[in-house]
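The values are calculated or read from the model by the stated rules, or taken from the named source; none is laboratory data. Owing to the predicted nature of the structure, the values given are computational and were not obtained by experimental measurement. Don't worry about glycine lacking a Cβ; one is built from the backbone with ideal geometry, like all the others, and counts go over all protein chains shown. Surface areas here come from the heavy atoms of the whole protein model, side chains and all, with no ligands, DNA or RNA. Shrake-Rupley method; radii C 1.70, N 1.55, O 1.52, S 1.80 Å.
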2 protein chains.
Amino acid sequence: MDGLTEKKKSSKEIFKGRIVHLFVDNVLLPNGQESTREVVKHPGAVAVIAVNKEGKLLLVRQYRYPLDGIIYEIPAGKLEPGENPDDSALRELEEETGCQCERLEKIASFYSSPGFSDELLHVYFTDSLIEGKQHLDQDEFLEVCAIDLNEAIKMVEDHRIYDAKTVYAVQYMQLRENQNKHN
Amino acid sequence: MDGLTEKKKSSKEIFKGRIVHLFVDNVLLPNGQESTREVVKHPGAVAVIAVNKEGKLLLVRQYRYPLDGIIYEIPAGKLEPGENPDDSALRELEEETGCQCERLEKIASFYSSPGFSDELLHVYFTDSLIEGKQHLDQDEFLEVCAIDLNEAIKMVEDHRIYDAKTVYAVQYMQLRENQNKHN
């Protein structure tokens with residue numbers, strides 16, 4: 001034993017919905033005692049940092065029910081069953097913004113909230129957009145906007161942007177610009 | 001109506017655990033149709049970007065049950081009932097790393113995964129640590145390490161760091177260093 005790992009003793013399915021698949025498991029802790037762990041299994045998701053010809057970042061304005069509010073996010077969505085993340089990223093980009101792209105680069109994969117969920121987010125970058133027509137899911141309503149990087153930085157600073165992956169995206173763009181400036 | 005907002009019609013509590021509080025709601029969509037939304041209510045969380053006297057970033061190595069793996073994260077934890085995020089950050093920093101600090105600056109708040117959860121993460125920065133003794137929760141097992149920024153950047157690049165808030169923290173430190181260099 002490494003002194004850190006927990007071992008599953010039993011698992012109980014609590015709920016299986018369209019997104020959330022909830023389990024409560026009994027586990028054996030490293031010290032031999034028992035505890036419970038609540039786990040939200042999630043299919044995983046993709047997000048795309050998409051920069052248009054004018055160098056602006058595409059954001060979607062979308063009502064998010066859990067927050068009861070409209071929030072700015074980079075285009076994103078969850079993986080369909082059996083779907084490859086690369087295909088999912090192209091699909092979500094096109095559905096939400098109407099854009100296809102010539103090149104799509106995977107830049108990161110990280111867990112959104114590893115304390116209670118296995119949601120893994122794959123993040124992509126593209127600056128080779130080909131504009132087209134938005135075609136949303138039946139229960140999806142959103143507006144696309146193109147934001148200058150300096151404005152996006154301000155929007156993070158004054159909390160108009162407050163979505164984790166979008167804050168990450170703005171940082172990524174800042175670092176990329178710094179690197180281009182000093183190379 | 002703004003053409004984006006959804007309206008709650010009814011709400012059903014599915015599960016109330018130690019962390020996860022799950023509801024399935026019926027909602028009215030902007031187009032007048034109905035749909036369901038799965039919502040994981042979460043108490044919110046804090047995380048601390050803590051830099052020691054040698055300029056190294058404190059990370060904790062911790063087994064995360066939802067991923068069945070050991071992961072590097074910045075010190076973090078969820079809010080206790082009624083707890084102020086500032087107090088929670090000081091508490092989690094001290095519990096997990098043994099460190100107190102002279103100054104703690106709040107640098108960001110963002111939603112971890114707004115598609116299905118209202119978890120709001122408050123992120124702090126400190127470089128004024130006062131070292132002490134770790135004192136963990138009964139069911140918490142973790143190791144603290146101090147990582148040089150260049151090494152942390154490499155760990156993000158080769159996916160040894162794959163936790164959202166920790167990837168954010170490494171980018172934050174990079175941007176901070178760039179700014180110090182060019183000021």
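Remarks
- Top of A:Ala146, A:Ala89, A:Ala45 by mean-square fluctuation, Gaussian network on chain A, Cα under 10 Å: A:Ala146
- Options A:Leu175, A:Asn31, B:Ser113, ranked by Cα towards positive dipole end of the protein assembly as shown, top entry (Cβ charges): A:Asn31
- Geometric descriptor of the stretch A:48-183, per residue, is 129 Å³ (volume of the convex hull of the Cα atoms).
- Within the accessible surface of chain A, defined with a 1.4 Å probe on protein heavy atoms only, the carbon and sulfur portion equals 45 percent.
- Whichever lysines have a C-alpha closer than 16 Å to that of A:Lys56, once near sequence neighbours (fewer than 8 apart) are set aside: A:Lys154
- At least 20 Å² of accessible area lost relative to the chain alone, listed for the stretch B:102-122 with a 1.4 Å probe: B:Ser109, B:Phe110, B:Tyr111, B:Ser112, B:Ser113, B:Pro114, B:Gly115, B:Phe116, B:Asp118, B:Glu119
- Across B:Asn31, B:Asn84, B:Asn150, mean-square fluctuation computed from a Gaussian network of chain B (C-alpha pairs under 10 Å connected) peaks at B:Asn31.
- Max mean-square fluctuation residue, GNM over chain B, Cα-Cα springs under 10 Å, options B:Ile74, B:Ile14, B:Ile161: B:Ile14
- Taking each of A:Lys106/A:Lys181; A:Lys8/A:Lys106; A:Lys8/A:Lys78; B:Lys53/B:Lys133 in turn, the alpha-carbon distance tops 24 angstrom for A:Lys8/A:Lys106; A:Lys8/A:Lys78.
- Over the stretch A:45-181, accessible surface divided per residue gives 43 Å², non-protein components excluded, 1.4 Å probe.
- Relative contact order %, the stretch B:33-133, counting alpha carbon pairs below 8 Å whose residues are six or more apart: 36
- For B:146-155, mean number of other protein chain Cβ atoms within 10 Å: 0
- Chains B and A together bury roughly 5900 Å² of accessible surface, counting both sides and using a 1.4 Å probe on protein heavy atoms.
- Restricted to Cα atoms, the protein assembly as shown shows a radius of gyration and a Dmax of 20.5, 59 angstrom.
- Shielding by partners, peptide A:58-65 (average Cβ within 10 angstrom, other chains): 5
- The stretch B:4-42-the stretch B:64-114 distance, computed between alpha-carbon centres (Å): 27
- Relative contact order (%) - criterion: Cα under 8 Å, at least six apart; region: chain A: 21
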